[in-house]
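The values are calculated or read from the model by the stated rules, or taken from the named source; none is laboratory data. What you see is a predicted model, and the numbers here were worked out from it, not measured in a lab. Note that we place each Cβ from the backbone using ideal geometry, even for glycine, and neighbour counts take in every protein chain shown.
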Amino acid sequence: MSSLDHVRSSGASNDIHPDDGIVSHSPALRDALDRMRRVAAIDTTVLLTGETGTGKELMARALHRRSSRATRPMVTVNLAAIPEPLVASELFGHEAGAFTGASQRRMGRFEIADHGTLFLDEVGELSSDMQVALLRIVQEGEFERLGASQTRRVDVRLIAATNSCLEQAVEHGRFREDLYYRLSVFPIHLPPLRERREDIPLLAEFFLRQLTSRLGRRFVDIEPASMERLTAFSWPGNIRQLQNVVEHSAILCDDPLLRIPSCLLAEKQAAAGATSKLDAAVHGNEQRMIEQALKETEGRVSGPSGAAERLGVPASTLESKIKRLQIDKLGYRAKA
């Protein structure tokens with residue numbers, strides 16, 4: 001039996017958790033899974049921490065699915081992807097005429113998630129004013145829509161996530177200490193893929209199995225040398241990056257035995273170097289690196305040749321940093 005056939009036949013094993021969508025037999029992830037199962041049925045606020053691409057949204061969905069609110073909606077908000085002036089409206093809603101362009105009343109995400117679960121991703125990106133507003137609703141369950149005087153109440157189970165160190169943000173005065181303690185009642189840390197290398201073959205085969213139906217082709221296995229390269233790689237983008245590499249390779253490969261081009265991983269490793277430098281830089285160096293990347297890409301942030309890829313960060317995260325540092329990305333665009 002090939003390793004891919006083993007994955008096909010092991011859906012009910014301890015390695016694959018089909019109800020949660022989680023694929024693992026790693027001791028490094030076992031603690032996170034145990035903590036998830038312990039807290040899922042309780043309405044405690046959970047803070048998911050871990051690098052980008054470690055599966056925080058997947059863990060949030062597992063928490064919701066195992067909770068008493070499973071039949072109610074789960075609403076997901078990526079705070080880094082929302083322009084700062086619109087965050088309050090997005091979360092709390094607004095009345096008609098509350099601001100320019102608000103032509104009609106709109107419910108916010110908290111109201112939509114009432115009696116269900118609200119997942120706030122990249123919560124560390126909130127402004128200080130929005131941290132105050134979030135603290136109130138976490139503590140009291142109360143808020144007002146923009147432009148309204150009526151106080152509303154909601155019953156929401158809150159799950160927050162961050163890929164940054166909130167403790168450090170608290171120390172530097174960028175994140176409220178009282179909000180941090182409200183959000184981190186029950187923290188769950190998701191380890192990076194490089195700390196659970198035994199899961200890499202299982203995950204790669206799982207992703208390849210998913211691709212067989214989508215691509216209309218059958219792959220029998222992954223070439224042993226390619227699997228060795230996958231296992232040895234550092235995976236700065238974690239599970240999301242592994243899935244990307246497997247899919248990229250499957251599209252290029254005409255054989256039933258999947259081969260991972262070594263040049264593909266070399267490109268990813270080059271991006272990894274930029275990622276670690278960006279994460280370790282102080283704000284001045286961070287701004288210089290972002291500006292240099294924008295210069296090299298003529299102001300292009302996203303896409304296969306954009307600044308975000310060069311720096312090894314999600315485009316939404318880079319947009320947030322550009323906004324925070326007040327960098328004029330339009331000034332780097334090529335003149336016609």
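Give the residues of segment 194-221 that are over 21 Å from Leu29 (Cβ atoms) and in contact with a strand residue (DSSP E or B) (Cβ under 8 Å, 6 or more places away or on another chain), sorted by residue number.
Matches in segment 194-221: Phe219, Val220, Asp221.
Restricting the search to segment 133-170, which residues are among the polar types (S, T, N, Q) and under 30 Å from Gly237 (Cβ atoms)? Spell out how you get there, then give the answer.
If we filter segment 133-170 for residues that are among the polar types (S, T, N, Q), which is where we start, we get 139, 149-151, 162-164, 168.
Within segment 133-170, Thr162, Asn163, Ser164, Gln168 meet the criteria.
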| Any residue in segment 228-236 that is among the charged types (D, E, K, R), surrounded by 14 or more Cβ atoms within 10 Å (Cβ to Cβ) and either touching a helix residue (DSSP H, G or I) at 6+ places or on another chain (Cβ under 9 Å) or at pLDDT 90 or above (or both)? | yes
| field | Identity of the residue in segment 79-101, surrounded by fewer than 17 Cβ atoms within 10 Å (Cβ to Cβ) and not in a helix (DSSP H, G or I), that ends up modelled with the highest pLDDT | value | Pro83
| Does at least one position in segment 248-257 carry a residue that is buried (at least 19 other Cβ atoms within 10 Å of the Cβ), modelled with pLDDT of 85 or more and of a type in the set (Gly, Ala, Ser)? | yes
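Hey, can you tell me all the residues within segment 291-333 that are closer than 23 Å to Arg240 by Cα, not basic (Lys, Arg) and not in a loop (DSSP other than H, G, I, E, B)?
Ala293, Ala307, Ala308, Glu309, Leu311, Ala315, Ser316, Thr317, Leu318, Glu319, Ser320
When you scan segment 115-122, do you find a residue that is part of a loop (DSSP other than H, G, I, E, B), touching a residue at least 12 places away in the same chain (Cβ under 8 Å) and within 17 Å of Gly55 (Cα to Cα), even just one? Before you say what the answer is, go through the steps one by one.
Residues of segment 115-122 part of a loop (DSSP other than H, G, I, E, B): 115-116, 122.
In the following step, the residues that additionally are touching a residue at least 12 places away in the same chain (Cβ under 8 Å) were identified as 115-116, 122.
If we keep only those that are within 17 Å of Gly55 (Cα to Cα) too, we end up with 122.
For segment 115-122, residues part of a loop (DSSP other than H, G, I, E, B), touching a residue at least 12 places away in the same chain (Cβ under 8 Å) and within 17 Å of Gly55 (Cα to Cα): present.
Before we move on, is Pro192 in contact with a Pro (Cβ under 9 Å, 6 or more places away or on another chain) and not charged (D, E, K, R)? Walk me through how you get there before you give the answer.
Values: in contact with a Pro (Cβ under 9 Å, 6 or more places away or on another chain): yes; not charged (D, E, K, R): yes.
For Pro192, the condition - in contact with a Pro (Cβ under 9 Å, 6 or more places away or on another chain) and not charged (D, E, K, R) - is met.
So that you can scan it fast, the table gives a plain yes or no per residue for (1) more than 24 Å from Pro192 (Cα to Cα); (2) modelled with pLDDT of 80 or more:
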| position | (1), (2) |
| --- | --- |
| Glu267 | no, no |
| Thr275 | no, no |
| Asp279 | no, no |
| Gly306 | yes, yes |
| Leu311 | no, yes |
| Ala315 | no, no |
| Lys335 | yes, no |
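Conditions (1) within 21 Å of the chain's Cα centre (by Cα); (2) part of a loop (DSSP other than H, G, I, E, B); (3) under 27 Å from Ser67 (Cβ atoms); (4) without any contact (Cβ under 8 Å) to a residue 60 or more places away in the chain, marked per residue:
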{"position": "Ser149", "(1), (2), (3), (4)": "no, yes, no, yes"}
{"position": "Ser164", "(1), (2), (3), (4)": "yes, yes, yes, yes"}
{"position": "Tyr180", "(1), (2), (3), (4)": "yes, no, yes, yes"}
{"position": "Pro187", "(1), (2), (3), (4)": "yes, no, yes, no"}
{"position": "Ser213", "(1), (2), (3), (4)": "no, no, no, yes"}
{"position": "Ala225", "(1), (2), (3), (4)": "no, no, no, yes"}
{"position": "Glu228", "(1), (2), (3), (4)": "no, no, no, yes"}
{"position": "Ser234", "(1), (2), (3), (4)": "yes, yes, no, yes"}
{"position": "Gln243", "(1), (2), (3), (4)": "yes, no, yes, yes"}
| request: Would you please name the residue that is farthest from Arg37 (Cα to Cα), looking only at residues in segment 159-191 that are surrounded by 18 or more Cβ atoms within 10 Å (Cβ to Cβ) and of a type in the set (Phe, Trp, Tyr)? | output: Phe175
